[in-house]
Amino acid sequence: MGDTKLYDVLGVPKTVSDDDLKKAYRKLAKEFHPDKNPNAGEKFKEISFAYEVLSDPDKREVYDRFGIQGIQEGAHEGAGFGGDLFSTLFGGGMFMGGGRKRGPRKGEDTVHPLKVSLEGLYNGKTSKLQINKSVICSSCSGTGGVSGSTKRCTGCNGQGSKVTYRQLGPGMVQQMQSTCSDCQGEGKVIPEKDKCKVCKGKKTISESKLLEVHIDKGMRHGQKIVFKGEGDQTPGYVAGDVVMVIQEQEHELFKRVGDDLFVKKKLSLTDSLCGFSMVIKHLDGRDLVLRHPPGKVIAPGAQKVIPFEGMPQYRHPEIKGHLIAQFEVDFPEDHFGDEAKYAKLEKLLPPRPKFVMPVGDDVEEVDLHDFDPESESAAGPSGQRRAYDSDEEDEHPGGGIQCAHQ
């Protein structure tokens, strides 16, 4: 006789029709729903799980042929529904010893930030990183103790979690589920005398490993380098991955924008007017010599491009972006020469626009002063307005014009 546990949960025979199956489920679900029966949370899960399997023709056929064991071990893979059935349904495994999910499943990935200089991303490099990870104890093969010594946790009745209910008010109950602290969510415990002497019952031990990380040319900030299966090991799980996330470091000279590089350079007024020669030390150690001819004026804030001297493209390092030079012009300080020099300089520069002095009573000459935004905002027009207000108050000590009431 085949496995009939799911039929027994719903109280129906193996030959039950779809309509009768639905009626039985609705009746039990109504009776054991947590809102009506707060202490029947686990029973309600079993009822829901049983109906979820038996109401699906494909799943029901597999269950009838292979039982719960067949579903758990994946005998259903050719039956048209995939993957981790127990994981999909309520965290599953309640009929197979409680709390365990169908495996093997993949463990969590371990993520490490990896700081890389702009030079490293331009030229490519290899870094070595030592990590500490959990590996399955070879002494007990990941069982945590003597074979057969595992017992069901009495704190959670083997479920791995505890459900508590709190009365919030009349007719209002809050359900809270937490990991069992006695068994750490495993649903099983090992007596102290039977625990493995090497891992102390933890099933895993810590191990150091040196990983060689290859940084390819053109990689970017936030890009990931994955080491498959190098994460922490846990019994019943496939080891997760170690993921290195590139953190691009700021550079003192260059700024990266996509595949382009930007560099800021300061010019004197003489350089901007009369041409210049300068050297830029590139990320690969080359000296780039920049020459600009006299007479081609570079204005403050001007940008000039050096084609194909930017960052290499990832996986296509032969293709490069551009290097953009952003120029700032330093003007000379006040009174840098005498009147005679100013006159000579003016003759060399383009002529001034012609100025015509206006005439009349509405003409007023004013002076230019250096502007400090912070001080001017404190003592500027608003400060003057306060001064005017103060004068007006002095003229009207009584508080100004009063309205007469008739």
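Read the figures in this text as sums done on the coordinates, not as results from a lab. From a predicted model like this one, the values you see are computed outputs, not experimental measurements. No Cβ is skipped: glycine too gets one built from the backbone with ideal geometry, and neighbour counts run over all protein chains shown.
Before moving on, here are some points about what is shown:
- Stretched out straight at 0.36 nm per residue, the stretch from residue 165 to residue 343 would grow longer than its current Cα-Cα span by 54.8 nm.
- Long-range tail of P(r) for the stretch 212-283 (Cα pairs > 21 Å, %): 55 percent
- The tail of the calculated P(r) for the stretch 282-385, taken as Cα-Cα distances beyond 18 Å, holds 77 percent of the pairs.
- Using the Karplus relation 6.51 cos²θ - 1.76 cosθ + 1.60 with θ = phi - 60°, the per-residue 3J(HN,Hα) values for the stretch 198-204 come to 8, 9, 6, x, 7, 6, 9 Hz, with x marking Gly and Pro.
- Other-chain or far-sequence residues with amide H under 5 Å of residue 144's (modelled H): 203
- Note, ³J(HN,Hα) from phi for the stretch 217-233, Karplus 6.51, -1.76, 1.60, rounded to Hz, x at Gly and Pro: 4, x, 4, 10, 4, x, 5, 10, 10, 10, 10, 5, x, 9, x, 5, 9
- Pairwise label distance in nanometres, residue 197 with residue 356, each label 7 Å out on the Cα-Cβ vector: 10.9 nm
- Once the C-beta distance of residue 26 and residue 154 is scaled by a Förster radius of 25 Å, the resulting FRET efficiency is 0.15 to the nearest 0.05.
- A simple spin-label model places the labels of residue 264 and residue 146 7.3 nm from each other, with each point 7 Å out along Cα-to-Cβ.
- Gained length - residue 279 relative to residue 245, 0.36 nm times residue gap less alpha-carbon distance: 8.8 nm
- Overall dimensions of the stretch 119-239, expressed as equivalent-ellipsoid semi-axes from the Cα gyration tensor (√(5λ), whole Å, largest first), are 41, 26, 9.
- Alpha carbon convex hull of the stretch 1-57, volume per residue in cubic angstrom: 74 Å³
- Of the peptides 349-360, 228-239, 270-281, the order by per-residue mean of other Cβ atoms within 10 Å, starting with the highest, comes out as 228-239, 270-281, 349-360.
- The stretch 212-346, Rg to Rh (Cα coordinates; Rh as Kirkwood inverse mean 1/r): 1.25
- Working from Cα pairs under 8 Å separated by at least six residues, relative contact order for the stretch 226-320 is 19 percent.
- If the segment from residue 65 to residue 130 were pulled out straight at 0.36 nm per residue, it would be longer than the present Cα-Cα gap by 18.4 nm.
- Rough spin-label spacing in nm, given labels placed 7 Å along Cα→Cβ, for residue 255 and residue 336: 2.6 nm
- Annotation: amide H-H contacts under 5 Å for residue 319 (H modelled 1.01 Å from N, sequence separation of 5 or more, or interchain): 313.
- Derived from the Cα gyration tensor, the three semi-axes of the equivalent ellipsoid of the stretch 132-176 are 39, 15, 5 Å, largest first.
- FRET efficiency for residue 36 and residue 56, using Cβ-Cβ distance with R0 set to 35 Å, rounded to 0.05: 0.85
- In order along the stretch 51-66, phi translates into HN-Hα couplings of 5, 4, 6, 6, 7, 9, x, 5, 5, 5, 4, 5, 4, 4, 7, 10 Hz, rounded to whole numbers, per the Karplus curve 6.51 cos²θ - 1.76 cosθ + 1.60 with θ = phi - 60° and x for Gly and Pro.
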